[in-house]
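Asks: There's a structure below that I have some questions on.
We did not get these values from a lab; they are worked out from the coordinates using the rules stated. The structure displayed is predicted, hence computed values, not measured ones. Heads up, the Cβs are rebuilt from the backbone with ideal geometry, glycines too, and the neighbour counts pull from every protein chain shown.
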Amino acid sequence: MRERASISAGKQRVLLIPALAVYGRPMATSSSRRQRVAGLKIERWAHGGDGVALPSDGPLAGRVVFVSGGVVPGDTVAGRLVKKKARWARVQLDAIDVPSPERVEPPCAHQAACGGCPWMVGAPSAQRASRTAILFGEARKHLRWTADEAERLIEMAPDTSAAGYRHKVRLSFERRDGRVTLGYRARRGHAIIDVAECVVAHPTINAALPGVRDRLADVPLAAGEVHLVAGDRSVAVVIAGPGHRTVVGEDATTLAFGGLPLRVEADQFVQANPAVINDIIARVEGWARECQPGVAVELFAGGGTLTPGLWRAGHTVSAFELDARGRASFRTRARSFGACGEASELYGCDLFAVGVPLPAPPRPRLVLLDPPRAGAAPLLPWLRACGAERIIYISCDVATAMRDLAGLTEAGSYSVVELVGFDVAPHTGHQELAVLLARRASAAD
Ligand SMILES: C[S@@+](CC[C@H](N)C(=O)[O-])C[C@H]1O[C@@H](n2cnc3c(N)ncnc32)[C@H](O)[C@@H]1O
């Protein structure tokens, strides 16, 4: 296996893990004095890529043990105890005693050091199993679902293709002594891992990187970020740093979402995985058809990426979004759609500062929201009281989605009808959730 020595120990293979290669920094010299723990069977990954073991005997029995260092579910490993608490412990990997049958050679030379794709060392089946376990576990914990309820209400959407799936990447760069380092942050620490080619980035992004490197030589910044978006015909690039923004080439590009073009600048929010988002738009349309056509409210609308799902189901849309650049895209999309679109409007507003500035009544039939990673906690009182028949909640963060769903369902006004996990970022613990909630009969007036 790359960067790892393998020796034979009886019938078992033992993989020795050189600390520098795997963790991207030298192991603390004190680590060799730390207690050694052996026989840890990795059950699944945690979100960030640590393995989770649940030993029933030995010094860590009964604890949830997080093992860092590139493990795969199914590995049996030994490591050094880093932290031990009453209910959990942290262990740093020393050696893989029995490698998992789901261990694979990562298709990227940077994987061990780069922070981008921590699950790439495992087969798609192992990734899917961990995504499923995380989602079911969080639903049971936050929504207090029984195993049967979770089984009935959660659907895991089919896996998607991983190669070249990302149409949007954000790279870091620094310039020292005339040399440019351009890539992703390391898995641990702040170093930048120089990346000539990223296997999950769209091929046109990789093709643009040499030109970006040349351009960085002239930019008056010692460090900063490069945003790249692969559109249908071109790649939009913005180099940004404190007080500085350079556009490389065209200032925007166009991607298709829900069958309509969406024009974005490289440093504007855009969904990175259009194939999965198009599946989500289709799901939104199916759910939106369950409501009589009427006025729908869309919160955190961006440039109207998801809105075709509402228009196709016959709704006109009042949309709200902070980034002023979204309005022009929304209007173009609305015009190209036709009647429902033309009767729709996007309003610029800070939803967390002012709430949802809707005239009352009429109340919306349907609310679609797709908040940032931090979730929509300040809007929960409005959502509970909005009176919509259905709420569709889209989220890129399982933990904050569960917190918000608990806030919508515990107070009694809504219940979850369906929750779908989408494989939006293969090789990582990220998943996109699409959730349909229905207003409870007891809450209807
Ligand atoms: C996860 S993105 C979803 C955008 C859009 N639904 C899409 O799929 O492209 C979240 C959006 O919320 C917007 N946003 C963040 N904070 C906001 C706020 N306080 N008020 C309104 N919109 C906000 C961001 O600009 C971003 O467009």
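Asks: The stretch 285-358 to the stretch 177-192: how many Å between their Cα centroids?
Replies: Between the Cα centres of the stretch 285-358 and the stretch 177-192 lies a distance of 39 Å.
Asks: Counting only residues 5 or more places away or on other chains, whose amide H sits under 5 Å from the amide H of S234 once H atoms are built in the peptide plane?
Replies: Long-range HN contacts for S234: T254.
Asks: Enumerate the amide H contacts of V64 below 5 Å, restricted to partners 5 or more residues apart or on another chain; note that Pro and chain-start residues carry no placed amide H.
Replies: Distant-sequence amide H within range of V64: W88, A89.
Asks: Can you find, among M156, S336, L93, the residue sitting farthest towards the positive end of the charge dipole of the chain, where Lys and Arg contribute +1 and Asp and Glu -1 at Cβ?
Replies: Towards the positive end, the residue furthest out is L93.
Asks: Where does each of C108, C198 land when they are ranked from fewest to most other beta-carbon atoms within 10 angstrom?
Replies: C108, C198
Asks: Also, I was wondering about something else. Per-residue HN-Hα couplings for the stretch 427-441, Karplus 6.51 cos²θ - 1.76 cosθ + 1.60 at θ = phi - 60°, whole Hz, x for Gly and Pro?
Replies: 6, 9, x, 6, 9, 9, 10, 10, 10, 9, 10, 10, 5, 5, 4
Asks: A further question on this structure: Exposure proxy check: D177, D404 ranked by fewest other beta carbons within 10 Å? Intermediate values should be presented prior to the final figure.
Replies: Values: D177 4, D404 23.
Fewest-to-most ranking of D177, D404: D177, D404.
Asks: Then there's this: Pop out the ³J(HN,Hα) list for the stretch 213-219 in order, Karplus 6.51 cos²θ - 1.76 cosθ + 1.60 with θ = phi - 60°, rounded to Hz; leave Gly and Pro as x.
Replies: Couplings: 4, 4, 5, 5, 4, 9, 7 Hz.
Asks: Rounded to whole Å and sorted largest first, list the principal axis extents of the Cα atoms in the stretch 181-264.
Replies: 41, 28, 20
Asks: Report ³J(HN,Hα) in whole Hz for each residue of the stretch 294-311, in order, from the Karplus equation J = 6.51 cos²θ - 1.76 cosθ + 1.60 where θ = phi - 60°; Gly and Pro get x.
Replies: x, 8, 10, 10, 10, 10, 6, 7, x, x, x, 4, 8, 4, x, x, 7, 4
Asks: Could you give the longest part of the chain that holds none of the trypsin sites (Lys or Arg not before Pro) found in DSSP loops with at most 11 neighbouring Cβ atoms within 10 Å? Could you put the intermediate results ahead of the total?
Replies: Numbers: sites that count: R2, K11, K85, R87, R144, R233, R373.
Answer from the scan: 234-372.
Asks: Could you pull out every residue, at least 5 positions away or on a different chain, whose amide H is within less than 5 Å of the one on Q431? Hs are placed 1.01 Å off N in the peptide plane, and Pro or chain starts have none.
Replies: When sequence neighbours closer than 5 places are left aside, the close amide H contacts are V398.
Asks: In whole Å, what is the distance between the alpha-carbon centres of the stretch 35-107 and the stretch 382-401?
Replies: 36 Å
Asks: From the Cα gyration tensor of the stretch 248-318, with a ≥ b ≥ c the square roots of its eigenvalues, which class applies: rounded if a/c is under 1.5, or else prolate if a/b is larger than b/c, or else oblate?
Replies: Prolate is the answer for the stretch 248-318, as a/c is 1.5 or above and a/b outweighs b/c.
Asks: Hand me the tally of lysine pairs in the chain: alpha carbons under 29 angstrom apart, and the pair either on different chains or 8 or more positions apart.
Replies: Close lysine pairs found across the chain: 8.
Asks: Considering the alpha-carbon set of the chain alone, what are its Rg and its Dmax in angstrom?
Replies: Cα only, the chain: 23.8, 76 Å (Rg, Dmax).
Asks: Would you report the distance distribution of C-alpha pairs in the stretch 40-156 as whole percents per 10 angstrom bin, up to the bin with the largest distance?
Replies: 14, 41, 33, 12, 0
Asks: DSSP beta bridges in the chain, what fraction antiparallel, as a percent rounded to 5?
Replies: 75 percent
Asks: Further question on the same structure: Relative to the first principal axis of the alpha-carbon coordinates of the chain, what is the inclination of helix 274-288, with its axis defined by its Cα atoms, in degrees from 0 to 90 and to the nearest 10?
Replies: With both axes taken from Cα atoms, the answer is about 40 degrees.
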